[in-house]
Structure formats: structure tokens, C-alpha cells
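The values are calculated or read from the model by the stated rules, or taken from the named source; none is laboratory data. None of these values were measured; they are calculated from a predicted model. Cβ atoms come from the backbone with ideal geometry, glycine included; neighbour counts cover every protein chain shown.
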Amino acid sequence: MNLREKHKSERRQQILEAARRLIRATGGTEFSMLRLAQEAEVSLITLYNLLGSKSSIFYALLNDSLDRLDEVTEAQPSPRAVDAVLELAGIVADVYTHDRRFYRPLMQFLLGSSDPEHRPRAIEQGMERWRRPLRAAVRGGLLPASIDQELLARQLLISFVGALEFWIHEELDDDAFRAQSLYGSTLLVLANALPAARPRLVERLRRIERRLPRRFATPGGRRDPRLRKRRPAA
């Protein structure tokens, strides 16, 4: 990387860090591009030249965060490689809920926007995050070798994003988001598991079910008083 490219990369990271600060400080994504440029201490022209539109900036921010997320998931391997596919959703949910003031508004914005440059990379990273533990699950005898791993990885990603959307809108709290994510991934694995692995998966599913809320939260994040008290998900 030559000196000019290095400076561009440094300014790009400067802008992304400024966007992170503003999202956390304001609890939203409604700030203007001018305010972002001021926070990053760059000109408005520089901001647009380096990262483009607001949606492009937020997708770039997401992809940067996904790189860090991959580091976290790789640093927390399951004691049994075969179980990694069952635990991944919980690990990722923990990352999001640990920094909810950043991820909630960011994801809420991105679910309503598209970007032909950055969105495909985010989807591919999500797919690869599921492909890796699926390969281990096949090698470990949890899933049959004949399974279409690509289709199952896609469905696992879709299931997780569905739970994520309800968490973003505060219709699932942190514990319920984790439990719902684990429930979806376990259910999908159970539907495709080899017979010898099914009893353990059924027992795991029953444990998770006991931690799922029976109703979503009411609009505005207010909890339905009829909901029972939740315990941390397994």
C-alpha cells in the first residue's frame, strides 16, 4: 500500500469511528452527513468521496464490525467441534446485545436499505460463518454427508436475522433474543440430523423452549405484564 492509499484508509477508518461514536451517543442514525464530517474532522466532500452515501457508510461500518465478529466467534470454539453449529447463534447474539446501543440503530437502518457494493459482502460473511460449523457437524456425525450445506447455511442465516429484527425493535429482550436464536438453529439442525444425534438435540430444544417468552413485548418496548419472568438462555 503506497502512502496515498494508506492515508485514504486512515481517513476512512476515522470516519467509521466517528459514525460509531455518533450512533452510541445519539442512540440512533438520524444525524446528518455534515455532522458526521464534523465529528470525523474531514470535509463533506472527503466523506462522500471516500465512503459515498449514508447507507454505504453504514454498510461499510457493518462489514467492519463483522470482521471483528468473525474474530470473536473463532476465538470461542465449542469444546466439541460438532456442536459449534448449535452454539454460534448464541455467541453472535451475545456480541450484539453487549453493544445494543450501537447495533440496534445500525441494524434498524440497514434492514430498510440496500447497497449493491457492501450488502453482498455482509451476506457472504454471514453465510461463511454458518458454513464453517456445518462442515464440522457433518464431519462429527451430527448431520449426514448428503445434506445440502449451502441451503441449510442460508436458512440458518435467515432464521437468525429474523430473531435479530424482533430484537432490534425491542419485541425480544436480550435473553429472549439469545434463546430465540438458539431455538431456531437447533430446530433446523434437528430436522436434518442423523438418527443417533436426535435424542440429544430434542433434549437441548426442550431446555431452550423453557426459556422462550410466550408473547412478544408490546409496542414501544413495554413488557406485557402477563409474561412470566425470564431466565438466561442456555
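If only residues of the stretch 16-71 that are in a loop (DSSP other than H, G, I, E, B) and polar (S, T, N, Q) are counted, the one that is nearest to the chain's Cα centre (by Cα) is T29.
The residues listed here are A84, A19; of these, the one that is in the same structural domain as L157 (by TED's automatic domain parsing) and touching a residue at least 40 places away in the same chain (Cβ under 8 Å) is A84. Here T46 clears all of (1) under 24 Å from Q180 (Cβ atoms); (2) outside the structural domain of A193 (by TED's automatic domain parsing); (3) not charged (D, E, K, R) except the condition numbered (1).
Taking the listed residues L187, L152, L201, the one that is within 28 Å of L111 (Cβ to Cβ), at pLDDT 95 or above, surrounded by 15 or more Cβ atoms within 10 Å (Cβ to Cβ) and among the hydrophobic types (A, V, I, L, M, F, W, C) is L152, with no other qualifying. Among the residues of the stretch 102-120, the ones that are assigned to a helix (DSSP H, G or I), surrounded by fewer than 17 Cβ atoms within 10 Å (Cβ to Cβ) and touching a residue at least 60 places away in the same chain (Cβ under 8 Å) come to 1 in all.
Can you find a residue in the stretch 74-88 that is under 23 Å from L110 (Cα atoms), at pLDDT 90 or above and part of a helix (DSSP H, G or I)? Scanning the stretch 74-88, I find at least one residue that is under 23 Å from L110 (Cα atoms), at pLDDT 90 or above and part of a helix (DSSP H, G or I), so the answer is yes.
The lone criterion from (1) at pLDDT below 90; (2) surrounded by 13 or more Cβ atoms within 10 Å (Cβ to Cβ) left unmet by R4 is number (2).
For L36, the requirement of being outside the structural domain of G126 (by TED's automatic domain parsing), buried (at least 19 other Cβ atoms within 10 Å of the Cβ), of a type outside the set (K, R) and under 24 Å from G112 (Cα atoms) is met.
For the stretch 163-186, taking the residues that are of a type in the set (A, V, I, L, M) and touching a residue at least 60 places away in the same chain (Cβ under 8 Å), the one that is nearest to L88 (Cα to Cα) is identified as L182.
The rows are residues; the columns are (1) under 12 Å from the mean Cα position of the chain (by Cα); (2) under 17 Å from F177 (Cα atoms); (3) surrounded by 15 or more Cβ atoms within 10 Å (Cβ to Cβ).
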{"position": "T73", "(1), (2), (3)": "yes, no, yes"}
{"position": "D83", "(1), (2), (3)": "no, no, yes"}
{"position": "I91", "(1), (2), (3)": "yes, yes, yes"}
{"position": "W130", "(1), (2), (3)": "yes, no, yes"}
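Considering the stretch 116-133, and only residues there that are charged (D, E, K, R) and in contact with a helix residue (DSSP H, G or I) (Cβ under 9 Å, 6 or more places away or on another chain), the residue that is farthest from E150 (Cα to Cα) turns out to be E117. In the stretch 141-160, is there at least one residue being in a helix (DSSP H, G or I) and among the acidic types (D, E)? Checking the stretch 141-160: at least one residue is in a helix (DSSP H, G or I) and among the acidic types (D, E). I'd like to check something: does the stretch 114-124 contain any residue that is more than 16 Å from I23 (Cβ to Cβ) and among the aliphatic types (A, V, I, L, M)? Scanning the stretch 114-124 turns up at least one residue that is more than 16 Å from I23 (Cβ to Cβ) and among the aliphatic types (A, V, I, L, M).
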